[in-house]
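**Student:** Quick one: the structure is below, and I'll ask about it shortly.
The values are calculated or read from the model by the stated rules, or taken from the named source; none is laboratory data. Bear in mind that the values here come from a model prediction, so they are computed numbers and not experimental data. Note: ideal-geometry Cβ built from the backbone for every residue, glycine included; neighbour counts use all protein chains shown. These area figures cover heavy atoms from the full protein model, side chains too; ligands, DNA and RNA do not enter into them. Shrake-Rupley method; radii C 1.70, N 1.55, O 1.52, S 1.80 Å.
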Amino acid sequence: MFQLSATTTVLLLVGFYGLTYLLTLTIREKKENVDGFMVSNNAVGFGISAASMTATWVWAASFYASATSGYTYGLSGPIHYGLWGALMILCIYPFGRRFRELAPRAHTLAEMMRARHGKSSQLILAFSNIAGSVISLTANFTAAGALVEILTPFDFVHGVLAVAVGVLAYTLWSGFRASVLTDFAQLVAMMVAAAIIIPMVFFAAGGTDLVDEGLLRITDEQANFFSGTAFLEQGAPYLAAVLAYAVGNQTIAQRLFAVRQDKIKATFLTATLGYGGTVIGLGMIGLVALMVGLEPLNGDMNNIIPQTASEYLPAAMIALLFILVIGSLSSTADSDLAALSSLVMTDIYGRNLAKRKVKPETMLLIGRLTMVGATAMGVMIAMTKFDILGLLVFMGGLWGALVFPVIVSCFWDRISNAAFTSAALVGVAFFLVSRFEWLPLAGVVGIVMELAALIGAAVVFGLMAFGFFGKQVGLGVAGVTIVGLAPFVFGFLRDYPTLLGALVAYGASTVTCVLVTMRNTERYDFALLNERVTAFQDEEKEMTGKGDDPVAAR
């Protein structure tokens, strides 16, 4: 296999991160504003927001896991990864619009849940978001190590460290503003590179002849564009997982709170198209690898893209692919660092430790220390070389326990802190039992789990319909889903633990949330959210008496 020389590798990395760092110097401020550091003062325009959302969603998992899906499931694999992910970006939009209507100056969803329910709900969501961002960061470092190990003379550790230091260097001082600014440039580079590289790999591997010969090499199931196995093992679990990512991943929420309120719809529509086209295309590299009979080096699926590129691309294109992947994982890694800093700054320090006596200088220090600590932790975990696709689906399933209580808390005024907390805990417990089969999935246990999964499927489709068409349509779709799927679920779904676990988390948390809520007669005034979730700079002025009255200014 062809490898870039050590000199070329160093020049590419130094050039990429050097230019990125110089770009961020143009927005660096001597006296940083904490709200600007976290959400750019809720005023980012359409172009930057759409590019940033797309670049953040197109992360290491989008490259490596989409290729893994194509290699594993054949023709329909990339579709089941890219299409559902794209549609979920679109489905997040109506809920995001509601979040901004209720709390236009928010920094995190956990901060909103504190204003809505209290400390326990906030901390449950905050710590799950922190865990998710650390895992996402680790996934990107892992992808960097795999890329460097295959395409250069350096080893896995060198790749992880190079990207970790490079991303930290340009994100540390300007936070979220640095992330969204560099996302725009990185997205343009990614899309141009993908448009060139994907066709080149296809034609270098044989073009139309590859299709004719490849279809003879793969199984009938892999050759089936409507593969049931691909849907049950990849498409359906991912459909449930990525909806949960909207709640569990602060990088998405952060961009939602940063974009101008009147540009939310356009931003999400554009990101939907950009993500779907890019990721489905990248997944085709995995399909090419399957058709030519490529064996992943050391049995590691993360090696499929760099290994295929090394086999079929000329040196200049390998260098371009190198920058393409480095840019994609960097755009998400810097988003993870910005997300982690905002979570710790807002939900740990700002709304808990500071107790309404926020010091912006202290917040900024805590945010930057968080970035350094998270980078170190991500590097250490990345050394384990875990499977990105497996972890992606696992975290999405785990976050499924939070989707219903978080979303419905912003629409239903009867949901209480007890309902939110108990729903999250019960949902996670059911997910772990079913996903790891802590109890045999047979007899009564199997029926209970499949019933919870059936309700979970109804919740997923019902929430999507509710977001766009309202409560009556959402309830109708949920009812039709239960009736339509019931004959096919019992005695069958237990054979697909990944899908079962993802849906069980939704179903168990929803049933618990509704049952506990029905005992609550108190009503919540949603107008309180806007009063309780404000900009930290305004709170400091209000506390010290300096500057304009923030309430009057709004």
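**Student:** What are the residues in region 100-122 that are in a helix (DSSP H, G or I), open to solvent by 20 Å² or more (accessible area, probe 1.4 Å) and either closer than 28 Å to K263 by Cβ or aromatic (F, W, Y) (or both), if any?
**Tutor:** Once the filter is applied, which keeps residues that are in a helix (DSSP H, G or I), open to solvent by 20 Å² or more (accessible area, probe 1.4 Å) and either closer than 28 Å to K263 by Cβ or aromatic (F, W, Y) (or both), region 100-122 yields E101, R114.
**Student:** So which residues in region 349-362 are part of a helix (DSSP H, G or I) and touching a residue at least 40 places away in the same chain (Cβ under 8 Å), if there are any at all?
**Tutor:** If the condition is that a residue be part of a helix (DSSP H, G or I) and touching a residue at least 40 places away in the same chain (Cβ under 8 Å), then G350, R351, N352, P360 are the ones that fit.
**Student:** A further question follows. Quick check on region 123-130. Is at least one of its residues at pLDDT below 85, assigned to a helix (DSSP H, G or I), crowded, with 22+ Cβ neighbours inside 10 Å and not β-branched (V, I, T)?
**Tutor:** Among the residues of region 123-130, not one is at pLDDT below 85, assigned to a helix (DSSP H, G or I), crowded, with 22+ Cβ neighbours inside 10 Å and not β-branched (V, I, T), which makes the answer no.
**Student:** Next up: Tell me, please, whether a residue that is under 19 Å from T332 (Cα atoms), of a type outside the set (D, E, K, R), crowded, with 24+ Cβ neighbours inside 10 Å and out of contact with any Gly (no Cβ under 9 Å at 6 or more places or on another chain) can be found in region 148-165.
**Tutor:** no
**Student:** If you go through region 141-161 one residue at a time, how many are more than 13 Å from V325 (Cβ to Cβ) and in a helix (DSSP H, G or I)?
**Tutor:** Number of matching residues: 5.
**Student:** Taking T384 as meeting all but one of (1) in a helix (DSSP H, G or I); (2) open to solvent by 40 Å² or more (accessible area, probe 1.4 Å); (3) out of contact with any Phe, Trp or Tyr (no Cβ under 9 Å at 6 or more places or on another chain); (4) of a type outside the set (F, W, Y), write down the number of the exception.
**Tutor:** Of (1) in a helix (DSSP H, G or I); (2) open to solvent by 40 Å² or more (accessible area, probe 1.4 Å); (3) out of contact with any Phe, Trp or Tyr (no Cβ under 9 Å at 6 or more places or on another chain); (4) of a type outside the set (F, W, Y), only one is false for T384: (1).
**Student:** In region 410-443, which residues are under 22 Å from the mean Cα position of the chain (by Cα) and surrounded by fewer than 24 Cβ atoms within 10 Å (Cβ to Cβ)?
**Tutor:** The answer is C410, L425, V428, L432, R435.
**Student:** List pairs: first residue in region 207-227 and in contact (Cβ under 8 Å) with a residue 40 or more places away in the chain and hydrophobic (A, V, I, L, M, F, W, C), second residue outside any loop (DSSP other than H, G, I, E, B) and open to solvent by 100 Å² or more (accessible area, probe 1.4 Å) anywhere in the structure, Cβ distance under 8 angstrom, at least six positions apart or on different chains.
**Tutor:** Nothing qualifies.
**Student:** Does L137 fit the bill of being part of a helix (DSSP H, G or I), at pLDDT 85 or above and either surrounded by fewer than 24 Cβ atoms within 10 Å (Cβ to Cβ) or out of contact with any Gly (no Cβ under 9 Å at 6 or more places or on another chain) (or both)?
**Tutor:** Taking the combined requirement at face value, the residue does not satisfy it.
**Student:** Continuing with this model, one more query. Check V516 against each of (1) within 30 Å of K119 (Cβ to Cβ); (2) under 25 Å from the mean Cα position of the chain (by Cα); (3) at pLDDT 90 or above and name the one condition it does not meet.
**Tutor:** (2)
**Student:** For a quick check of your reading: which helices (runs of 4 or more DSSP H) sit entirely within region 32-99 and have at least 2 residues that are over 23 Å from G175 (Cβ atoms) and out of contact with any Gly (no Cβ under 7 Å at 6 or more places or on another chain)?
**Tutor:** 60-73
**Student:** When the residues of region 53-80 are narrowed to those that are among the hydroxyl-bearing types (S, T, Y) and more than 13 Å from the chain's Cα centre (by Cα), which ends up farthest from M301 (Cα to Cα)?
**Tutor:** Restricting to residues being among the hydroxyl-bearing types (S, T, Y) and more than 13 Å from the chain's Cα centre (by Cα), the top hit is S76.
**Student:** Restricting to region 418-448, name every residue that is touching a Lys or Arg at 6+ places or on another chain (Cβ under 7 Å) and assigned to a helix (DSSP H, G or I).
**Tutor:** G446, the sole residue that qualifies.
**Student:** If you don't mind, another one. Can you pull out every residue in region 482-492 that is in contact with a helix residue (DSSP H, G or I) (Cβ under 9 Å, 6 or more places away or on another chain) and either at pLDDT 95 or above or in a loop (DSSP other than H, G, I, E, B) (or both)?
**Tutor:** Once the filter is applied, which keeps residues that are in contact with a helix residue (DSSP H, G or I) (Cβ under 9 Å, 6 or more places away or on another chain) and either at pLDDT 95 or above or in a loop (DSSP other than H, G, I, E, B) (or both), region 482-492 yields I482, F490, G491, F492.
**Student:** Another question, if that's okay. Scan region 451-477 for residues that are touching a Ser or Thr at 6+ places or on another chain (Cβ under 9 Å) and either open to solvent by less than 70 Å² (accessible area, probe 1.4 Å) or at positive phi (or both) and report the count.
**Tutor:** Residues meeting the conditions: 10.
Every residue, every condition in (1) modelled with pLDDT of 85 or more; (2) in a helix (DSSP H, G or I); (3) surrounded by fewer than 18 Cβ atoms within 10 Å (Cβ to Cβ); (4) of a type in the set (S, T, Y), yes or no:
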{"position": "V288", "(1), (2), (3), (4)": "yes, yes, no, no"}
{"position": "E295", "(1), (2), (3), (4)": "yes, no, yes, no"}
{"position": "I304", "(1), (2), (3), (4)": "yes, yes, no, no"}
{"position": "T308", "(1), (2), (3), (4)": "yes, yes, no, yes"}
{"position": "L320", "(1), (2), (3), (4)": "yes, yes, no, no"}
{"position": "L324", "(1), (2), (3), (4)": "no, yes, no, no"}
{"position": "A333", "(1), (2), (3), (4)": "yes, yes, no, no"}
{"position": "L337", "(1), (2), (3), (4)": "yes, yes, no, no"}
{"position": "D347", "(1), (2), (3), (4)": "yes, yes, no, no"}
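**Student:** Determine which member of the set T24, T7, T54 is out of contact with any Lys or Arg (no Cβ under 6 Å at 6 or more places or on another chain) and open to solvent by 30 Å² or more (accessible area, probe 1.4 Å).
**Tutor:** Answer to the check: T7.
**Student:** Would region 515-526 turn up any residue that is under 30 Å from I89 (Cβ atoms), out of contact with any strand residue (DSSP E or B) (no Cβ under 9 Å at 6 or more places or on another chain) and not in a helix (DSSP H, G or I)?
**Tutor:** Yes, some residue in region 515-526 is under 30 Å from I89 (Cβ atoms), out of contact with any strand residue (DSSP E or B) (no Cβ under 9 Å at 6 or more places or on another chain) and not in a helix (DSSP H, G or I).
**Student:** Right, next: So which residues in region 506-521 are among the aliphatic types (A, V, I, L, M) and either touching a Phe, Trp or Tyr at 6+ places or on another chain (Cβ under 6 Å) or over 10 Å from A423 (Cα atoms) (or both), if there are any at all?
**Tutor:** A508, M518
**Student:** I'd like to know if region 275-283 contains one or more residues that are open to solvent by less than 20 Å² (accessible area, probe 1.4 Å), outside any loop (DSSP other than H, G, I, E, B) and touching a strand residue (DSSP E or B) at 6+ places or on another chain (Cβ under 9 Å).
**Tutor:** Scanning region 275-283 turns up no residue that is open to solvent by less than 20 Å² (accessible area, probe 1.4 Å), outside any loop (DSSP other than H, G, I, E, B) and touching a strand residue (DSSP E or B) at 6+ places or on another chain (Cβ under 9 Å).
**Student:** Can you name every residue in region 170-179 that is open to solvent by less than 10 Å² (accessible area, probe 1.4 Å) and under 14 Å from S49 (Cβ atoms)?
**Tutor:** Listed by number, the residues that qualify are F176, S179.
**Student:** Every residue in region 493-507 that is open to solvent by 10 Å² or more (accessible area, probe 1.4 Å) and either among the small types (G, A, S) or assigned to a loop (DSSP other than H, G, I, E, B) (or both), please.
**Tutor:** Y496
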